[in-house]
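Peer 1: Okay, handing you the structure first.
The values are calculated or read from the model by the stated rules, or taken from the named source; none is laboratory data. None of the values given here were measured: they were computed from a predicted structure. Virtual Cβ from ideal backbone geometry, glycine too; neighbours counted across all protein chains shown.
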Amino acid sequence: MRKPIKGFSKLSKEAKIEWLSDQFFDNSEVAINLLKHYWHEDPKVQKLHDEFIENTLSNYYMPFGVAPNFKINGELYTIPMAIEESSVVAAAAKSATYWLERGGFKTSIISTKKVGHVHFIYQGDAQKLQSFFEGLKPDLLKDTEELTANMRARGGGIIDLKLVDKRSAMEDYWQIEALFETCDSMGANFINSCLEQFSQTLQREIKAQDQFNEAEKAIQVVMCILSNYTPECVVRSEVSCKVEELNGDAGISPEEFAQKFQRAVRIAEVEPYRATTHNKGIMNGIDAVIIATGNDFRAVEAACHTYASCNGQYSSLTHCEVKDGIFRFWIEVPLALGTVGGLTRLHPMVKFSLDLLQQPNAEELMGIVASSGLAQNFAALRALTTTGIQKGHMKMHLLNILNQLEATDAEKETIVNYFKDKVVSHSAAVNKFCELRGIKSPSEIKKEN
């Protein structure tokens, strides 16, 4: 019977691996060799990776691909994408080439403000607290001057402070809400440091005021934390062309394609079941670039899905309009990103990705990421409204099936060529593989039994 372990974090990496392999694997040697197989050959690089997180045992590889031909605001980009799902990179590249001939992607930054809160409990007179807070603002700013000096020098800092009465949602609940500009950094550590100082200043100053009684002075700061919901850090990316310039795929005229495409987007706007899958496809394009550039894809996912619900119902992040003979397709999405700090100067592949993107600033990266999400969504909707999504997806998935079967390179080439004009399914791929090897397929064995 397995027992809990004490002091695991204090063990050496070798000792952690040995304990893990002994406890959970029948063949500990195989487990150990697998973990070590993915170590970087350069000990210095491996040590760097080891120190990114706690209890590191090895590295977990994901495919790193690129989608070329993205024309964004007149500049040509090749976009790095780190993702394991087949067809995502191919779809993004296909959309990029499609819109390259139609003017490319146009992006604009709507806002870059980020928000954080001091959440606290105050039991007392509301008007007294509100009047006190107006006089407290200069102290809040003064006490954070040292923390904000570097950010202010770069053009950022604290934009606004306000007291928010949340008692209608929870008894005695108040907030200090702060808006920040963090320039080219994501700014989480900066924001949280400022918020913690705000809480100290609030508690110190309220205790020094004779106008408050003892109960009012005993405010309880529950927590100080930035919000990953950034509805004022939003970017827009758009593509457009004349309807007549749209492809008439699979026998569909440009006019019919535009109509079906617009209706497909509208369905995602009004139907949460469809919107969830629709937005998941958008996040395929967004997350892949965020991971490649060392940003926090979990924070972006949370913000985007909250933003998709801002009108009271979960809805599409993209929108479409056909008007006066012009087809327009766009996305507005909250993206709190950074191109300095974090992993941007540490992880070798992140540095490579940012070099590939010509060292964009945070606003430029926001536009690139939004365009990738829009491209991914266009590719999915274009397939769904014409040939169907499975044709392209399963052809990309075919290699995964063949790798599971441990097909040789020659077998892969033969089977891929065989399915060039055929619908791919798992059973069909397995049957063809068995036929090529001269062995019975699972369906044949089942019939015999």
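Peer 1: Which condition from (1) closer than 30 Å to Lys242 by Cα; (2) touching a helix residue (DSSP H, G or I) at 6+ places or on another chain (Cβ under 6 Å) is the one that Ser86 breaks?
Peer 2: Of the numbered conditions (1) closer than 30 Å to Lys242 by Cα; (2) touching a helix residue (DSSP H, G or I) at 6+ places or on another chain (Cβ under 6 Å), the odd one out for Ser86 is (1).
Condition check ((1) out of contact with any Lys or Arg (no Cβ under 8 Å at 6 or more places or on another chain); (2) within 23 Å of Glu232 (Cβ to Cβ)) across all residues:
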{"site": "Val89", "(1), (2)": "yes, no"}
{"site": "Ala93", "(1), (2)": "yes, no"}
{"site": "Gly104", "(1), (2)": "no, no"}
{"site": "Lys113", "(1), (2)": "yes, yes"}
{"site": "Ile121", "(1), (2)": "yes, no"}
{"site": "Leu129", "(1), (2)": "yes, no"}
{"site": "Leu140", "(1), (2)": "yes, yes"}
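Peer 1: Would you mind telling me which numbered condition in (1) under 29 Å from Glu75 (Cα atoms); (2) in contact (Cβ under 8 Å) with a residue 24 or more places away in the chain; (3) part of a helix (DSSP H, G or I) Leu436 fails?
Peer 2: Here Leu436 clears every test but (1).
Peer 1: Ok, one more. Suppose the filter is in contact with an Asp or Glu (Cβ under 8 Å, 6 or more places away or on another chain) and small (Gly, Ala, Ser); does Ala178 pass it?
Peer 2: It is true that Ala178 is in contact with an Asp or Glu (Cβ under 8 Å, 6 or more places away or on another chain) and small (Gly, Ala, Ser).
Peer 1: Looking at (1) under 31 Å from the mean Cα position of the chain (by Cα); (2) at pLDDT below 95; (3) over 29 Å from Gly285 (Cα atoms), which one does Asp26 not meet, given that it meets all the others?
Peer 2: In the conditions (1) under 31 Å from the mean Cα position of the chain (by Cα); (2) at pLDDT below 95; (3) over 29 Å from Gly285 (Cα atoms), Asp26 misses (1) alone.
Peer 1: Select from the stretch 157-181 the residues that are within 20 Å of Glu134 (Cβ to Cβ), out of contact with any helix residue (DSSP H, G or I) (no Cβ under 8 Å at 6 or more places or on another chain) and among the hydrophobic types (A, V, I, L, M, F, W, C) and list them in ascending order.
Peer 2: Ile159, Val164, Leu179
Peer 1: Something else about it: Among the helices (runs of 4 or more DSSP H) confined wholly to the stretch 325-424, which include 2 or more residues that are crowded, with 22+ Cβ neighbours inside 10 Å and not hydrophobic (A, V, I, L, M, F, W, C)?
Peer 2: Of the helices (runs of 4 or more DSSP H) lying wholly inside the stretch 325-424, those with at least 2 residues that are crowded, with 22+ Cβ neighbours inside 10 Å and not hydrophobic (A, V, I, L, M, F, W, C) span 362-384.
Peer 1: Does Ala126 fit the bill of being small (Gly, Ala, Ser), closer than 24 Å to Asn192 by Cβ and modelled with pLDDT of 95 or more?
Peer 2: So Ala126 does not fit the description; no.
Peer 1: Follow-up question, since we're still on this one. When you check Ile206 against the structure, is it farther than 23 Å from Gln313 by Cα, part of a helix (DSSP H, G or I), of a type in the set (A, V, I, L, M) and at pLDDT 95 or above, yes or no?
Peer 2: yes
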